[in-house]
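What follows is one structure encoded as structure tokens, with my remarks underneath.
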Amino acid sequence: MANLYSEVIDSQKAVLNILLLEKQAGNAILIRDLLDDISYPECLFEHSDSLQSAAQLLQNKSVDVILMDIAIIRSDTSQLLTKLQQQFNHVPILFLADLEDEYDCALLAKKYEQDYLVKQNLSSTYLLRSMRFAIERNWMMEQLEKARIIEQHLAYHDVLTGLPNRQLFL
């Protein structure tokens, strides 16, 4: 139980590494200002204006959460987002949308099992809480997948010997 507790506490770390994918420099500045208003945890901010440059950045740098404007996705025709999510599925994504794009953003969030935020409703507190919830949700999904793998192994293997049981042979 101590292991589980220490991992949960670790998600409340003092520094959040954030990748913002945003084409419009003005919106990136506004989001950076919101992040600067957060005193704890410290938010380290990387900005990218394309999925290609984000993929390169993710190869070299550890990121806790991705904030992604859906305009980035609309301009991408190579299905790079799907590849990016498959390769970096341990990093939660928060999609960002304008009010008029909220429906499309909700569909994307459902498709990629993520969450979305409406830019006009953002505040520092709301943004921080959403990022923390996304990180926690992603951690819980990883723990659930690990538990499913263990459960499947236990269903088909003897607990004492680890050898396949009759169910595996049927």
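The values are calculated or read from the model by the stated rules, or taken from the named source; none is laboratory data. Worth saying up front: this structure is predicted, and the values here are computed from it rather than measured. We place every Cβ from the backbone using ideal geometry, glycine too, and count neighbours over all the protein chains shown. Quick note on the areas: whole protein, heavy atoms, side chains included, nothing else; ligands and nucleic acids left out. Shrake-Rupley method; radii C 1.70, N 1.55, O 1.52, S 1.80 Å.
Let's test the formula: R0 of 35 Å, r as the Cβ-Cβ distance of Q52 and R148. What FRET efficiency results, to the nearest 0.05?
Computed FRET efficiency for Q52 and R148: 0.55.
Helix 25-36 versus the longest principal axis of the chain: what angle, 0 to 90°, nearest 10, using Cα atoms?
70
Before anything else, pin down the relative contact order of the chain: Cα pairs under 8 Å, at least 6 apart, normalised by residue count, whole percent.
Relative CO of the chain lands at 20 percent.
In what sequence, largest accessible area first, do L122, L160 appear using a 1.4 Å probe? Please report the intermediate quantities before stating the final value.
Values: L122 30, L160 160 Å².
Ranking L122, L160 by accessible area, largest first, yields L160, L122.
Could you list log10 I(q)/I(0) for the range 43-170 at q = 0.19, 0.21 Å⁻¹, which the Debye formula gives when each Cα is one point scatterer?
-1.07, -1.28
What does the extension gain come out to for D33 and K61, with contour length at 0.36 nm per residue minus their alpha carbon separation?
7.9 nm
Output ³J(HN,Hα) for the range 40-56: one whole-Hz value per residue in order, computed from phi by the Karplus curve 6.51 cos²θ - 1.76 cosθ + 1.60 with θ = phi - 60°, and x for Gly and Pro.
9, x, 5, 10, 8, 10, 10, 10, 9, 10, 8, 5, 5, 5, 5, 4, 5
For a 20 Å ceiling on Cα separation, which of these pairs sit above it: K83/K146; K23/K111; K83/K111?
Over 20 Å Cα-Cα: K83/K146; K23/K111.
Using Cα positions and a limit of under 16 Å, work out the aspartates and glutamates in reach of K61, with same-chain residues fewer than 8 apart set aside.
Cα-Cα hits under 16 Å: E46.
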